[in-house]
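To keep things clear, I will list the structure first and then write my remarks on it.
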Amino acid sequence: MLRAISTTLLTLSLVGAAHAQMPVPLLDNEPAAPNAALWAVAGPMLQAALECREDLPDHPATRALLPRKPAGEEQHYRLTPPSGFRVYGLPVAEIEVWVDDGSGELGHGYTSHIRGKTLAEVAKAAKLNKGKSFHNRKTSMGGLMADQPFGPGSAVQLTCTIDGSYATHENEYREP
């Protein structure tokens, strides 16, 4: 009897330990607010992508933040960064990431939702030019733009867009 209880307790503790070590996104297949250790590694890589300095690398920490969805599903993610996460010195309330499905055709998009700042303040911090319809600038990675789609007082969206091969070849397309 004592041996059966000991075996049961040992089995339960091993299952619990294995379950406790699984990253949260793998448990429910939804990206959740990641832990501090994960953000310590993935945060600087994500910040560089949001600032349009470097594309987000394929790294274990970024895969934990953005677990790949089945082929054919939209690779779109929403993350809530830890307090203190900043892009161009501005506090980020929410992050959206669109990742190409692997074909290279669609490109990538990284958006910071910045609350409590005006469009002009965000444009100045990101060193954007005043365009005809929105503040923007080209970077070595792609295009960076700021917009306030829901009007004054709403969050400013700062987006880095990295073109895929479809956009690159789109100008070559001719109607038959």
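A few notes on this one:
- Members of region 119-157 found to be farther than 19 Å from residue 91 by Cβ and in contact with a Gly (Cβ under 9 Å, 6 or more places away or on another chain), listed by number: 136, 137, 142, 145
- Residue under evaluation residue 58, criteria (1) within 16 Å of residue 97 (Cβ to Cβ); (2) surrounded by 11 or more Cβ atoms within 10 Å (Cβ to Cβ); (3) modelled with pLDDT under 90, criterion not met: (2)
- Count of region 124-160 residues which are crowded, with 19+ Cβ neighbours inside 10 Å, touching a Leu at 6+ places or on another chain (Cβ under 9 Å), without any contact (Cβ under 8 Å) to a residue 60 or more places away in the chain and assigned to a strand (DSSP E or B): 6
- Any hit, region 77-96, residues being over 18 Å from residue 44 (Cα atoms) and not in a strand (DSSP E or B): no
Every residue, every condition in (1) of a type in the set (Val, Ile, Thr); (2) modelled with pLDDT of 85 or more, yes or no:
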| site | (1), (2) |
| --- | --- |
| 5 | yes, no |
| 18 | no, no |
| 27 | no, no |
| 35 | no, no |
| 45 | no, yes |
| 70 | no, no |
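- Hits in region 44-97 - residues which are closer than 18 Å to residue 162 by Cβ, touching a Ser or Thr at 6+ places or on another chain (Cβ under 8 Å) and among the charged types (D, E, K, R): 53, 96
- Scanning region 54-70 for residues that are of a type in the set (A, V, I, L, M, F, W, C), over 11 Å from the mean Cα position of the chain (by Cα) and part of a loop (DSSP other than H, G, I, E, B) turns up nothing.
The values are calculated or read from the model by the stated rules, or taken from the named source; none is laboratory data. In this text, all values refer to a predicted model and were calculated from it rather than measured experimentally. Positions of Cβ are backbone-derived with ideal geometry, glycine not excepted, and every protein chain shown enters the neighbour counts.
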